[in-house]
Structures are given as C-alpha cells and as structure tokens.
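J.: The structure's right below; bear with me while I get my questions together.
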Amino acid sequence: MPGLPPGQNVVLIGMPGVGKSTVGVLLAKAMSRSFVDTDVEIQAREGRRLQEIIDADGLAAFRAVEERDICALDCRGHVIATGGSVVYSAKAMAHLKRNGIVVLLELALPLLERRLTNLGSRGVVMAQGQTLASLFAERRALYERYAEVRIDCAGLTHEQTVARVLAALDNPKGHD
C-alpha cells in the first residue's frame with residue numbers, strides 16, 4: 001500500500017454489529033498483516049467472556065480493563081479490531097492512534113438493530129435499561145472524533161467493505 005507505512009496499524013472502530021472483527025480478519029489477509037481482536041485479547045487475559053466481566057464487575061471496571069489491555073498492546077503493522085466501547089477512553093485511543101490509522105465502520109441504526117439480536121449476552125458496554133438507539137447517539141460523536149477514515153458499510157458485503165477500506169487507505173483524502 002503506497003499510502004500506508006508498513007509499520008502502521010489499521011485500527012477499526014465502530015458500533016457493535018458493524019462487522020469490525022469479520023472485516024478485520026479479511027482486511028488483515030488482504031494486506032498480509034497479523035490481526036488482533038481486542039475483545040478476544042481481553043477475554044483471554046481475564047479468562048472470562050466480556051458479558052461475564054460486565055455482569056460481575058460492572059461497566060466502569062470493564063472500561064478500566066479495556067483501557068489497560070489496549071494501552072498494553074505493542075504491535076506494528078497489524079489490523080486491530082476494537083470493541084465498540086474503546087472510544088470512551090481517550091488514553092486508549094491516543095495509544096492506538098500513536099502507531100495507527102483509525103478507520104470507522106458505520107451502519108445506520110435500523111441496520112444495526114436488525115443485526116444485534118443478542119445484546120444481553122454479547123458483551124456490549126451499555127447501562128442497564130439503555131436502548132441501542134441511545135447508545136448509538138452517545139457514541140456517534142466519539143467515533144467521529146477519532147475517525148481518520150470513515151466507511152459507510154450499508155449495502156456492502158464484508159469483501160466490498162474491505163475493498164473500500166483498502167481504497168481509502170491507498171488514498172486517504174478520497175475516503176467516504
């Protein structure tokens with residue numbers, strides 16, 4: 001990729017259900033890079049599923065674990081899929097941006113609602129009784145603050161999304 005230094009990470013952010021993990025694996029393969037899923041890393045370190053951490057320890061404790069684990073990441077030239085809540089930590093985002101370009105994968109709320117049928121067990125960082133709509137509204141400004149590249153995934157297959165990301169990374173000024 002002419003537009004992306006080999007040591008620079010590609011960091012995927014966005015709402016739960018947008019496809020960060022799936023697109024991340026495909027993107028890493030297309031770019032011949034290693035792949036890191038921060039949610040999987042957290043689960044492996046903690047020995048528990050995300051939902052178990054949230055249920056047992058609470059949202060603030062989960063966010064602290066997420067920040068600690070992301071700030072401990074030390075990799076170059078990887079594709080990194082983050083949990084949707086990473087944007088709550090300015091410290092974690094600064095760490096990710098230090099050696100990476102942040103790509104926001106976006107979908108409209110109605111599409112996310114159709115995809116997310118397992119909110120109660122998925123490990124989504126949201127307050128008791130909070131709706132997906134209010135979570136979406138709460139996070140939107142944070143995603144936009146950190147995004148250097150934005151990709152609208154509506155109507156795209158995972159492969160088409162990867163192609164859009166690759167094109168945007170090759171020509172960062174021409175992304176959607």
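The values are calculated or read from the model by the stated rules, or taken from the named source; none is laboratory data. Source: prediction; values computed, not measured. Cβ placement follows ideal geometry from the backbone for every residue including glycine, while neighbour counts extend to all protein chains displayed.
J.: In the stretch 75-118, how many residues are β-branched (V, I, T) and without any contact (Cβ under 8 Å) to a residue 60 or more places away in the chain? Give the derivation first.
T.: First, pick out the residues of the stretch 75-118 that are β-branched (V, I, T): 79-80, 82, 86-87, 101-103, 117.
Then keep just the ones that are without any contact (Cβ under 8 Å) to a residue 60 or more places away in the chain; that gives 117.
Of the residues in that region, 1 qualify.
J.: What pairs can you find where one residue is in the stretch 123-143 and over 22 Å from R49 (Cβ atoms), the other is of a type in the set (D, E, K, R) and at pLDDT 90 or above, and their Cβ atoms are less than 8 Å apart, with a gap of 6+ or different chains?
T.: Pairs that qualify, where the first residue is over 22 Å from R49 (Cβ atoms) and the partner is of a type in the set (D, E, K, R) and at pLDDT 90 or above, are Y143/E106.
J.: Just checking, which of G84, G24 is of a type in the set (G, A, S), assigned to a loop (DSSP other than H, G, I, E, B) and either under 27 Å from A167 (Cα atoms) or out of contact with any His (no Cβ under 9 Å at 6 or more places or on another chain) (or both)?
T.: Working: G24 fails: assigned to a loop (DSSP other than H, G, I, E, B).
Selected residue: G84, the only one of G84, G24 that is of a type in the set (G, A, S), assigned to a loop (DSSP other than H, G, I, E, B) and either under 27 Å from A167 (Cα atoms) or out of contact with any His (no Cβ under 9 Å at 6 or more places or on another chain) (or both).
J.: A follow-up question, please. Filter the stretch 87-107 down to residues that are under 29 Å from L156 (Cα atoms) and in a loop (DSSP other than H, G, I, E, B), then give me how many there are.
T.: 2
J.: Please enumerate the residues belonging to the stretch 44-74 that are under 20 Å from V11 (Cα atoms), assigned to a helix (DSSP H, G or I), of a type in the set (D, E) and free of Cβ contacts under 8 Å to residues at least 12 places away in the same chain.
T.: none
J.: Right, here's the next one. Name the single residue that is surrounded by the fewest Cβ atoms within 10 Å (Cβ to Cβ) among those in the stretch 17-66 being touching a Cys at 6+ places or on another chain (Cβ under 9 Å) and either acidic (D, E) or farther than 22 Å from L132 by Cβ (or both). Break it down into steps so the answer makes sense when it comes.
T.: Applying the first criterion (touching a Cys at 6+ places or on another chain (Cβ under 9 Å)) to the stretch 17-66 yields 18-19, 23, 34, 36.
Checking which are either acidic (D, E) or farther than 22 Å from L132 by Cβ (or both) leaves us with 34, 36.
On the way: S34: 13, V36: 19.
Selected residue: S34.
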